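Worksheet: the structure to be examined is printed underneath.
The values are calculated or read from the model by the stated rules, or taken from the named source; none is laboratory data. Computed from a predicted structure; not experimentally measured. When we count neighbours, we look across all protein chains shown, and the Cβ atoms used for this are built from the backbone with ideal geometry, even at glycine. These accessible areas exclude ligands, DNA and RNA; they are computed on the full protein's heavy atoms, side chains included. Shrake-Rupley method; radii C 1.70, N 1.55, O 1.52, S 1.80 Å.
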Amino acid sequence: MPLAHHASTVPASAANTVLLVDDEQDIRELLALFLADLGFCVLTAADGAQGLALFKTARPSMVLTDIKMPGLDGIGLLQAVKALSPETEVLMISGHGDLELAISSLKFGAADFITKPIDDELLAHGLRQARERIFLRAQLRDHAENLERLVAEKSAKLVELERRVAARQIVEGLSSAMRFVKSGEGGAGTLGQLPCFVSIHNRERRIVSANALYRERLGEPEGRESWAAYGGEYPEGRGCPVDEALTSGRAGSSRETFQSVDGQSFHALVSTTPISGGDGEVSMVLEIAVDLTEVERMHAELVASQRRYRDLFDAVPCAITVQNRQLRVMEANKTFLHDFGASLGATCFEAYKHRAEPCPECPILTTFEDGHSHQAETVVTDRHGESRNILIWTAPLLDESGLVEKVMEVSTDITQIRQLQDHLSSLGMMLGSMSHGVKGLLMGLDGGMYRMESGLAKGDLEKVQSGWGTVRHRIQHIRKMILDILYFAKSRELETAELDLRGFALDLANLVEGKAAHAGIDLSCDFGQAHGCFEADPTALSSALVNFLENAVDACLSETTGRPRRMGFRVAAQEGRAVFTITDTGIGMDREAKEKMFTLFFSSKGSKGTGIGLFISHRVVRQHHGGIEVASSLGEGTRITVWLPLVQPGKPEDKPEDKTGAQTGVLAGAG
């Protein structure tokens, strides 16, 4: 089959092109026809190596690839494509339902995960979402470029204004240094060439001579009173600039209002310099006035432009900051200041993630290094402690030498987009993974039933009991797996019952006691205040609390400093609540891990964790109208307190933010 297949009805543009990579020819041809019908230009490749070569040549905006392929597999192709073009949207296809591969592909930047057999509607939806993200990034880039252009225009006007102010200062300096220069008849010569109103006044406070501009704008000067040009501002001339210079014998400067020959008033900066005669007395005064009309107009325009720029800066529905090389926020708009509660001068990693050092692969530092714009997506925490998914775009701000002086960062909140995407993709991934797990459990059931049948046939009771133990163990696993699916899909209501608090606590301790003892962990239980009864769904709540207990065991096993491995489990009835407190001397968590621990697919255990258990535990506690408090520090262990009312108030409210693990009812503090 040829390396590339193009849909003839669609123009071959990279923005509308999908690269399809699958080692099964039938699926490849069928998907190519489907994508062409959707309006895409389709490029196809039979394996990862061919797909990578074709990507380097055509640079399509989207890639649809199978995971399991000979040679370069889908994960390798995903990493290679993201290294070449981080903005390319990559959708993964797998017929194996492998959750670890799915999570790996998402961690490497995959946009979506589609399982075989492929649902046309899901695939079309995923491609539309990918194309919308591409369009959104293009829009953000255009907005940022427009902002940059506006900044450049206003900066140019500011420079021009500074030049005009500098010119005014030069005129002031000239007026102080200048001495009497005799002009030719009619004000020609040196005085006539100065670009300002220049006049010479005698002791009688009358104008002796003036330059051409003075004559043109203020009328014929010879013989006129020195204060005539000011209109009626100075009756009899007392206190006018020339009078002050003659009286004090010192140079002066003031802002005055002139009246032109056409009756128009304008402001001018007037400088006067007394000129001494041979007797040492002031005989004349040199007056130089600069028209401030243009300066005032430019200043008003600059102020208005700055106000419009600031309004635009604050009105953009994104968090915008300007940062220096130390990643300190030098400028910020209202959205950033309101959403994250940071002040100017704070570092971005403190404001966004409460870290003590810059984030790995920081796009701002990368922009400082190479002078190019970069994009990244990350999870941050706002001023209320809630997690947000944001898309970051950086742009260099250059100094006069063309070097990167500061970097502008535009952060767009895409939490709702990620909620919808996570809801759709995680459902598919979970169902695929669960079906794969059920297959293994069914094989275990077959083995257990075979041993039971064999034992019954031979009258071997021990073999029958062994087989029944295997069957019962597998049934428990299937039950827990189905409950996880139901909790995630929000299709299971609580089946509450009145439970003995102490008995429930003893059952939980028995479930984890064996695992703790086997790991050499000292488990201490305190049920002295576990009096009376409480209402709860025993199966759901037991599963949720066992997750916390098993995580405490894993945390102790990960502690390598030699400290004693201890766990505490305390249950008490306090102030109308059932309170479960779990402590450990494990490795602990930093603030970022605490804020993300109830987020779907977040796990600090690497490949050993799925990131689902604590997400579901958090939901179960909230269904019981309870809350969770987390106190932990790195190297100092963790304390988790789960509480719920002794009597359930009624049907739990349906709170939609669960899909992102929002921290409603959860307090994460330092231990």
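At a glance:
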{"item": "Qualifying residue in segment 299-315 (condition: within 25 Å of Ala229 (Cβ to Cβ) and modelled with pLDDT under 90)", "result": "yes"}
{"item": "Search result, residues across segment 332-353 that are outside any helix (DSSP H, G or I) and surrounded by 15 or more Cβ atoms within 10 Å (Cβ to Cβ)", "result": "Ala332, Asn333, Ala342, Ala346, Thr347"}
{"item": "Single residue of segment 252-273 satisfying the filter (charged (D, E, K, R) and touching a residue at least 24 places away in the same chain (Cβ under 8 Å)) that is surrounded by the most Cβ atoms within 10 Å (Cβ to Cβ)", "result": "Glu256"}
{"item": "Count - residues of segment 110-121 that are at pLDDT 85 or above and surrounded by fewer than 21 Cβ atoms within 10 Å (Cβ to Cβ)", "result": "1"}
{"item": "Count of residues meeting criterion [part of a helix (DSSP H, G or I) and among the aliphatic types (A, V, I, L, M)] in segment 101-121", "result": "4"}
{"item": "Selection within segment 217-251 - of a type in the set (S, T, N, Q) and surrounded by 13 or more Cβ atoms within 10 Å (Cβ to Cβ)", "result": "Ser226"}
{"item": "Qualifying residue in segment 354-364 (condition: surrounded by fewer than 18 Cβ atoms within 10 Å (Cβ to Cβ), touching a residue at least 40 places away in the same chain (Cβ under 8 Å) and among the charged types (D, E, K, R))", "result": "yes"}
{"item": "Scope segment 15-69; condition in a helix (DSSP H, G or I) and within 19 Å of Thr115 (Cα to Cα); matching residues", "result": "Gln25, Asp26, Ile27, Arg28, Glu29, Leu30, Leu31, Ala32, Leu33, Phe34, Leu35, Gly48"}
{"item": "Sole exception among (1) in a helix (DSSP H, G or I); (2) modelled with pLDDT of 75 or more for Leu441, by number", "result": "(2)"}
{"item": "Which numbered condition Cys359 misses (of (1) on the phi > 0 side of the Ramachandran plot; (2) at pLDDT 85 or above)", "result": "(1)"}
{"item": "Residues within segment 305-319 that are over 13 Å from Ala332 (Cα atoms) and open to solvent by less than 30 Å² (accessible area, probe 1.4 Å), tallied", "result": "1"}
{"item": "Verdict on Glu369 being in a loop (DSSP other than H, G, I, E, B) and without any contact (Cβ under 8 Å) to a residue 12 or more places away in the chain", "result": "no"}
{"item": "Qualifying residue in segment 569-579 (condition: under 16 Å from Ala519 (Cα atoms) and under 38 Å from the mean Cα position of the chain (by Cα))", "result": "no"}
{"item": "Entirely in segment 246-330, the strands (runs of 3 or more DSSP E) that have 2 or more residues that are hydrophobic (A, V, I, L, M, F, W, C)", "result": "265-276, 282-291, 319-323"}
{"item": "Restricting segment 206-216 to residues that are farther than 16 Å from Val285 by Cα and surrounded by fewer than 18 Cβ atoms within 10 Å (Cβ to Cβ), the residue that is modelled with the highest pLDDT", "result": "Glu216"}
{"item": "Residue check for Glu535: at pLDDT below 85 and over 14 Å from Arg566 (Cα atoms)", "result": "no"}
{"item": "Among residues of segment 572-599, those that are in contact with an Asp or Glu (Cβ under 6 Å, 6 or more places away or on another chain) and open to solvent by 20 Å² or more (accessible area, probe 1.4 Å), counted", "result": "1"}
{"item": "Top-ranked residue of segment 391-429 - restricted to ones that are of a type in the set (Val, Ile, Thr) and modelled with pLDDT under 90, ranked as most open to solvent (accessible area, probe 1.4 Å)", "result": "Ile417"}
